[in-house]
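What follows is one structure encoded as structure tokens, with my remarks underneath.
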Ligand SMILES: C[S@@+](CC[C@H](N)C(=O)[O-])C[C@H]1O[C@@H](n2cnc3c(N)ncnc32)[C@H](O)[C@@H]1O
């Protein structure tokens, strides 16, 4: 059955947040429709709206709870396990060519056993698509990527991703490997934030050896260590102890203080914050740093242990923007390494423009 609309992946359990976000953003953009999802499924479909216009109106980097955003092509139910390829050809008939193929499944407990099928089916589908001229011989980023998302052995969603506006990773999950020296697993969170929330240009120009940073709520030192590996000098603020591997970098100074009260001795290039506190309190403190010119760029985490997480997210981001009292570039995402939380990148557009 052909379908139109969006297919987005999210962290299992966060479907209501993604559904609310898509519904609100689509309505604002003039594409009213409805979200269809199931709790803990790891995906949301947004239906009843014209997919092409909607996907252009909602770039992935502006969606907080979506790990991936694709345009739906078809909902294939009752697939014959002996020939799952034929219905895919039928659904793609009359469409264009694709520059890449990803066969995947949502990141849910229920769908994880489909990993083997996805791998094997991808190996069979790829040459078959090429033979029909539906897939280029080599990856071509100018053409859309075809996604086959298995929901069950006999049920798959077909969708297309614009390479410039979708995640390159299967299921939208980045494969980052933790270094054995990293003081904490949280290190991966900052690594993913820098990879996901900054453009390649920003990563190159805004993160420079010799810069300085403050890390609020630094212990045991994962985020400080990630910055130190980029040769950034870090003031690590936390009453708790730092790991030996963080101190061994030689450019992380531990300051035992309250991150809500401590002020930097001079303006910092970067301020990062992973303090476990109420998100409104963190958002307010982050805004004060920008209002006081305490930093130019920031990555901070907002913990969302409450029920109405979409409402709280919007509230906190509005609060942050308003209290900063100056225009900022703000991007937020629930990263793969985020649990009940989101991560925000904020930058002073003047400093950013000077660097780029
Ligand atoms: C999730 S951990 C940070 C992990 C760290 N980002 C890493 O990569 O290793 C949260 C830290 O926030 C600290 N924290 C909470 N409230 C704080 C405050 N008011 N001032 C300073 N640190 C605080 C805690 O002591 C804890 O070490």
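Here, each number is a calculation from the coordinates, and none is a lab measurement. Computed from a predicted model, the values in this text were never measured in an experiment. No Cβ is skipped: glycine too gets one built from the backbone with ideal geometry, and neighbour counts run over all protein chains shown.
Taking the C-alpha atoms only, the angle from helix 187-197 to the longest principal axis of the chain is near 70 degrees. Extension gain for the segment residue 93 to residue 326, taken as residue separation times 0.36 nm less the Cα-Cα distance, is 78.8 nm to one decimal. Taking a temperature of 37 °C and a viscosity of 0.692 mPa s, what whole-number D in µm²/s does Stokes-Einstein yield for segment 5-172 with Rh from Kirkwood over alpha carbon pairs? Rounded to a whole number, D works out at 206 µm²/s. Modelled label positions at residue 40 and residue 261, each set 7 Å beyond Cα in the direction of Cβ, lie 4.4 nm from each other. Dividing the mean sequence gap of close Cα pairs (under 8 Å, 6+ apart) by how many residues segment 5-172 holds gives a relative contact order of 26 percent. Extension gain for the segment residue 24 to residue 52, taken as residue separation times 0.36 nm less the Cα-Cα distance, is 8.3 nm to one decimal. Both radii come from the Cα set of segment 109-174: Rg as radius of gyration, Rh as Kirkwood radius; their ratio Rg/Rh reads 0.96. Look at the Cα gyration tensor of segment 29-98: its axes a ≥ b ≥ c give a/c of at least 1.5 with a/b over b/c, and that counts as prolate. Roughly what % antiparallel, to the nearest 5, for the DSSP beta bridges in segment 229-356? Close to 55 percent. With respect to the chain, whose longest principal axis is taken over its alpha-carbon atoms, helix 279-291 is tilted by about 60°. For segment 39-190, give the share of DSSP beta bridges that are antiparallel, in percent and rounded to the nearest 5; count only bridges with both residues there. Of those bridges, close to 70 percent are antiparallel. The relative contact order of the chain, computed from alpha carbon pairs under 8 Å that lie at least 6 residues apart in sequence, is 14 percent. Tell me, what is the FRET efficiency for residue 82 and residue 109 to the nearest 0.05, using R0 = 22 angstrom and their Cβ-Cβ distance as r? Working from the Cβ atoms, E equals 0.20. Mean sequence separation of contacting Cα pairs (under 8 Å, at least six apart), scaled by the length of segment 272-356, corresponds to a relative contact order of 34 percent. When each of the peptides 11-20, 29-38 is scored by the mean number of other C-beta atoms lying within 10 Å of its residues, the order from highest to lowest reads 11-20, 29-38. Sorting 215-223, 124-132, 276-284, 103-111 by average packing, meaning the other beta carbons within 10 Å per residue, from highest down gives 215-223, 103-111, 276-284, 124-132. For the chain, find the longest principal axis of its Cα atoms and tell me its angle to the long axis of helix 15-28, 0 to 90°, nearest 10. That works out to roughly 90 degrees.
Between residue 181 and residue 195, the contour length at 0.36 nm per residue exceeds the Cα-Cα span by 3.1 nm. Across all directions, the average flat footprint of the convex hull enclosing the Cα atoms of the chain is 18.3 nm². What the pair-distance distribution of segment 212-356 shows, using all Cα-Cα distances binned every 5 Å from zero, is 2, 10, 20, 23, 20, 15, 7, 2, 0 percent.
Ranked by the mean number of other Cβ atoms within 10 Å per residue, highest first, peptides 255-265, 237-247 order as 237-247, 255-265. Beta-bridge orientation, the chain: approximately 60 percent antiparallel, per DSSP, counting only bridges with both partners inside.
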